[in-house]
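Since the structure comes first, as structure tokens, the remarks are kept for the end.
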Amino acid sequence: MSAGTEMAIRARGVTKLFGRGTDQVVALDGVDLEVAEGEFVCLLGRSGCGKSTLLSMIAGLTRPSEGEIDMGGRRVGMMFQDSNLFPWLTVEGNIHLALRLSGAPKDQWADRTAELLDMVHLPGMQLRRPHELSGGMRQRVALARSLAQDCQILLMDEPFAALDAITRDALHDQIERVWAERRLTIVFVTHNVREAARLGDRVVVMQPSPGRIAEEVRVTLARPRKMDDPLIATRAAALHDKLDKYHVIAEQGRTS
Amino acid sequence: MSAPAGQRTAFAARLGRLWARTWPPLLGVAILLGAWQLLYLVEFRPPWVFPSPGEVATSLVELARDPVSWSALGTTLTRGVVGFGLALLLGTALGIALSASRVLRSAIGSLLTGLQTMPSIAWFPFAILLFGLTEQAILFVVILGAVPSIANGLISGIDDVPPALVRTAHTLGARGFSMYRYVVVPAALPTYVAGLKQGWAFAWRSLMAGELLVVIAARPSLGVQMTFFREFADTAPLLATMIVILVIGMVVDGVLSRVSNRVRLRRGLGAVRL
């Protein structure tokens, strides 16, 4: 990281405990994470390593038990594995609601919506209803809705995990393009090593019980990347070995 | 002038669809009327106690010509609309209060569900002592009958709002009032409308019970009308009045069902046939 780069997210000593007494579980144990402005960071780990918990704390959906997270007042948007489009609203209605909640003047809504739908390659879909769309299309509308609030940081919690491989590849291309065009800072949670290697500038490998950052890996491949690039496969294989290693260490820690 | 062929076939197709929808209920009514006529012909009861469908139809026409029965209908409908309207306001307010406050919920939540199972006619002796033979006595019971269903519909609708939608709305910046206004209430709408339907059914039943028990002098209503017909053993207009009551109940229920279906279809919740 070059000196003078502004940090978009600074998490220091973040610990999250669930439950009480003997049932208490340490979901995250003293995590430090810094994400530079405009950086694309992937949080990689098996289930139970606290990556989603960390993300929802950055989003402000839950509070850390200890430690602090500072985003310098930047606007944060979030996407989930499910698109969570509001089923009683049209595509347009969903985006308008995001614009309304972020305080955009009403006379701009129509233009901004058209612009956002163009950006996610869904022009003219304003009046469709969520249940009429495919899973990939819904996720693109969800992306447009997140961008409608003019967020500088976009948090993505396994947003493409429920999609088929072809759709996912297409969405990887789109999110990479949108990230570059909008100079977004993205924190992307995944358990898919190829996805992490395909998307991240940096991959933060996490380990379970308790959730910690095990290692950080820089991915210095040129962009735009392609999923079928053999270099990505090589990086993915290396990440896979690391995941296995930290998983085994965690298992041993538990049984000893 | 002949219509274009395409237009004519489209019209025929529409007629066909309409027919496909109307013949089953028409057949049902025909079978019912046939059985009724048969019972009349075999004199299962003396004809002055058990009139034929034809006589009831004649009574219906006579009632329709009588201004007094129209004013009776007006009184009953007004009570129904006012009672249900007040129950709607009260039930909605109560539902929002109970879903917002945990304390209130545990204090009167189960009481509210209990009230739903209590036959509202059981309230009348008390209501009559409280208000006398007045409009208030009737409205009191109509409201008591409908409020629990409406409130409970709203409460379970709000309880069942998917947490994922609330979280998403939170990340979009919805808080407090805007969360309720734009997310929680719309998400709860289908269950709320189902509660309204049930509330209407209870209100209408309570109203009829009330009009039979609380007879207010010089104010004709469908209930009073039925009481008179019974006292004069005039069965044909009695049955005609009952048909009017049935039809009104069905029409209002039909309107609410249409609203409910539309709400559900728009969000892709329509019934799936496999």
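Below, the figures for the structure above:
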| quantity | calculated |
| --- | --- |
| Among the candidates A:Thr234, A:Thr220, A:Thr185, A:Thr190, residue that is hydroxyl-bearing (Ser, Thr, Tyr), under 30 Å from A:Gly72 (Cα atoms) and surrounded by fewer than 18 Cβ atoms within 10 Å (Cβ to Cβ) | A:Thr220 |
| Residue list for segment A:122-140, filter: within 12 Å of chain B (Cβ to nearest Cβ) and either surrounded by 15 or more Cβ atoms within 10 Å (Cβ to Cβ) or of a type in the set (Asp, Glu) (or both) | A:Arg128, A:Arg129, A:Pro130, A:Glu132, A:Leu133, A:Arg138 |
| Qualifying residue in segment A:104-121 (condition: on the phi > 0 side of the Ramachandran plot and either buried (at least 18 other Cβ atoms within 10 Å of the Cβ) or away from chain B (no Cβ under 14 Å) (or both)) | yes |
| Count - residues of segment A:53-101 that are among the charged types (D, E, K, R) and within 11 Å of chain B (Cβ to nearest Cβ) | 3 |
| Selection count, segment B:160-170, where residues are assigned to a helix (DSSP H, G or I) and either facing chain A (nearest Cβ under 8 Å) or crowded, with 16+ Cβ neighbours inside 10 Å (or both) | 7 |
| In segment B:195-227, residue farthest from the other protein chains (Cβ to nearest Cβ) [restricted to those that are of a type in the set (A, V, I, L, M, F, W, C), surrounded by fewer than 20 Cβ atoms within 10 Å (Cβ to Cβ) and touching a helix residue (DSSP H, G or I) at 6+ places or on another chain (Cβ under 9 Å)] | B:Val215 |
| Members of segment A:43-64 that are of a type in the set (S, T, N, Q) and touching a strand residue (DSSP E or B) at 6+ places or on another chain (Cβ under 6 Å) | A:Ser52, A:Thr53 |
| Residues of segment A:141-176 that turn out to be among the basic types (Lys, Arg) and at pLDDT below 95, as a count | 1 |
| Meets criteria (within 14 Å of chain A (Cβ to nearest Cβ) and either β-branched (Val, Ile, Thr) or surrounded by fewer than 21 Cβ atoms within 10 Å (Cβ to Cβ) (or both)) for B:Ser257 | no |
| Pairs with Cβ under 6 Å, 6+ apart, first in segment B:90-115 and crowded, with 16+ Cβ neighbours inside 10 Å and assigned to a helix (DSSP H, G or I), second at pLDDT 90 or above and of a type in the set (Val, Ile, Thr) | B:Leu90/B:Val147; B:Gly91/B:Val147; B:Gly91/B:Ile150; B:Gly95/B:Ile155; B:Leu98/B:Ile155; B:Ser99/B:Ile155; B:Ser99/B:Ile158 |
| Residue in segment B:67-90 that is under 26 Å from B:Gly153 (Cβ atoms) and hydroxyl-bearing (Ser, Thr, Tyr) present | yes |
| Flag for B:Val147 being of a type in the set (A, V, I, L, M) and within 12 Å of chain A (Cβ to nearest Cβ) | no |
| Options B:Leu207, B:Leu239, B:Leu222: the member that is in contact (Cβ under 8 Å) with a residue 40 or more places away in the chain, in contact with a Leu (Cβ under 7 Å, 6 or more places away or on another chain) and over 22 Å from B:Asp160 (Cβ atoms) | B:Leu222 |
| Segment B:34-49: number of residues that are over 28 Å from the mean Cα position of the chain (by Cα) and either among the aliphatic types (A, V, I, L, M) or part of a loop (DSSP other than H, G, I, E, B) (or both) | 11 |
| Count of residues meeting criterion [more than 22 Å from the chain's Cα centre (by Cα) and outside any helix (DSSP H, G or I)] in segment A:90-125 | 7 |
| Scan of segment B:216-237 for residues that are more than 17 Å from B:Glu55 (Cβ to Cβ) and of a type in the set (D, E, K, R), ordered by number | B:Arg219, B:Glu231 |
| Per-region count, segment B:171-188, residues surrounded by 18 or more Cβ atoms within 10 Å (Cβ to Cβ) and at the interface with chain A (Cβ under 9 Å from one of its Cβ atoms) | 8 |
| Residues located in segment B:67-82, provided they are of a type outside the set (Val, Ile, Thr) and either touching a residue at least 60 places away in the same chain (Cβ under 8 Å) or surrounded by 12 or more Cβ atoms within 10 Å (Cβ to Cβ) (or both) | B:Ser69, B:Trp70, B:Ser71, B:Ala72, B:Leu73, B:Gly74, B:Leu77, B:Arg79, B:Gly80 |
| Some residue of segment A:177-184 being more than 25 Å from A:Gln152 (Cα to Cα) and at pLDDT 90 or above | no |
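A quick yes/no check of all residues on (1) closer than 30 Å to A:Arg177 by Cα; (2) touching a Lys or Arg at 6+ places or on another chain (Cβ under 6 Å); (3) surrounded by fewer than 20 Cβ atoms within 10 Å (Cβ to Cβ):
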site	(1), (2), (3)
A:Glu6	yes, no, yes
A:Arg10	yes, no, yes
A:Gly13	no, no, yes
A:Phe18	no, no, yes
A:Asp23	no, no, yes
A:Val26	no, no, yes
A:Asp29	no, yes, yes
A:Asp32	yes, yes, yes
A:Glu37	yes, no, yes
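The values are calculated or read from the model by the stated rules, or taken from the named source; none is laboratory data. Predicted, not measured: the structure shown is a model, and the values here were computed from it. Here Cβ is always computed from backbone atoms with ideal geometry, including for glycine, and neighbour counts include all displayed protein chains.
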